[in-house]
Amino acid sequence: MKIGNREFQTKGHTYVMGILNVTPDSFSDGGKWNDRDRALKHVEEMIAEGMDIVDIGGESTRPWGYTLISDEEEIARVVPMIEAVKANFDIPISLDTYKSGVAEAGIRAGADLINDIWGLKYDDKLADVIARAKVPCCLMHNRKSDKYNDFITDYLDDNRLIIDCALKHGISKENIILDPGVGFAKSLEQNLIAINTLDKLCALGYPVLLGTSRKSVVGLTLDLPRDERVEGTIATSVIGLMRGASIFRVHDVKENFRALKMAAAVIGKSFNA
């Protein structure tokens, strides 16, 4: 899979996606990277720590307590940052948005991948934007209700529908990444099951991105606040690697990079190759 100017060999390889939220209200680091110079310094640090892709988000997408903003406001946050990162660093850029207008503006500014937390369900124009631009996309499992008849069966069926929607709109099979959606429309137990059964999601035939960084699944399991969830996140990353995930979206790049590199060596996977 080509993301930006870089080839990603997602079968048997492992990559780290670093998070750059340019939002005032993200659950873990809201307001921390709104300043351009501080944000660019943080990108530089994450690259030095092993980041392969930077994921830029302009609206909090936590499951609760966030403020919906207009396309215009989100574009005003993310486009200047995409342009600044593109001008200063040679690294693929992911844009975390579920809105077609924001995606279109972001792609024009230089975004190389669209990371959609609604798996093409929120905005029916987004799939066409992605298909026309021929950029890769990460499509996350999400739904409005957290009620399932049988969690694994329904969850995998949901992901098949996401794939079908993408393909029907002309998104290339080679440009699709799946995300289990840890922390979205799932109970604590269901989140743990989703992590532990990533091999079933991988079996659908697409690269899988795992994003558990500092999330409630870690906080509730360990009874820890957001700023003390590094070790718990690392544990889920390593388990995700062993279950077949190939891209890991994290806040703490250095710690996850080192743990994943060690785990990859033990199980015979390549790292950042």
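The values are calculated or read from the model by the stated rules, or taken from the named source; none is laboratory data. Just so it is clear, the structure is predicted and the values come from calculations on it, not from any experiment. Glycine also receives a Cβ, built like all others from the backbone with ideal geometry; neighbour counts cover every protein chain displayed. Heavy atoms of the whole protein, side chains included, go into the accessibility calculation; ligands, DNA and RNA do not. Shrake-Rupley method; radii C 1.70, N 1.55, O 1.52, S 1.80 Å.
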Problem set entry | Carbon/sulfur fraction of accessible area - the chain, other protein chains in place, 1.4 Å, % | 50 percent
For this session: Mind ranking 8-18, 101-111 by how tightly packed they are, going by the mean number of other C-beta atoms within 10 angstrom, highest first?
Result: 101-111, 8-18
Seminar exercise, completed: Dividing the mean separation of Cα pairs under 8 Å (6+ apart) by the residue count of segment 141-273 yields a relative contact order in percent of 21 percent
Seminar exercise, completed: Rounded to one decimal in nm, the spacing of the 7 Å Cα→Cβ label points at Leu167 and Glu49 is 3.8 nm
Problem set entry | Most to least accessible of Tyr155, Tyr148, Tyr122 (protein chains only, probe 1.4 Å) | Tyr122, Tyr148, Tyr155
Exercise. Between Ala76 and Asn196, how many nm apart are label points set 7 Å from Cα along the C-beta direction?
Worked result: 4.7 nm
For this session: Please tell me which of these pairs span more than 24 angstrom C-alpha to C-alpha: Lys11/Lys200; Lys144/Lys173; Lys173/Lys261; Lys121/Lys168; Lys41/Lys121; Lys2/Lys261?
Result: Lys144/Lys173; Lys173/Lys261; Lys41/Lys121
Problem set entry | 222 nm mean residue ellipticity, helices alone, for the chain (DSSP H n ≥ 4; -39,500 (n - 2.57); rounded to 500) | -13500 deg cm²/dmol
Exercise. Between Asn272 and Glu7, what length comes free when the chain is fully extended (0.36 nm per residue of separation minus the Cα-Cα distance, one decimal in nm)?
Worked result: 94.3 nm
For this session: Go through Gly58, Leu68, Ile247 and say which Cα lies farthest out towards the positive end of the charge dipole of the chain; charges sit on Cβ, +1 for Lys and Arg, -1 for Asp and Glu.
Result: Ile247
Exercise. How high is the relative contact order of segment 33-122, in percent, with contacts defined as C-alpha pairs under 8 Å that are six or more residues apart?
Worked result: 28 percent
For this session: Quick one: accessible surface of Glu228, probe radius 1.4 Å, all protein chains present, in square angstrom to the nearest 10.
Result: 90 Å²
Seminar exercise, completed: Among (1) 21.8; (2) 19.3; (3) 18.4, the value of Kirkwood radius over Cα pairs in Å computed for this structure carries the label (3)
Seminar exercise, completed: One would report the antiparallel percent of DSSP beta bridges in the chain, rounded to the nearest 5, as 5 percent
Seminar exercise, completed: Expressed per residue, the solvent accessible area of the chain in Å² (1.4 Å probe) is about 43 Å²
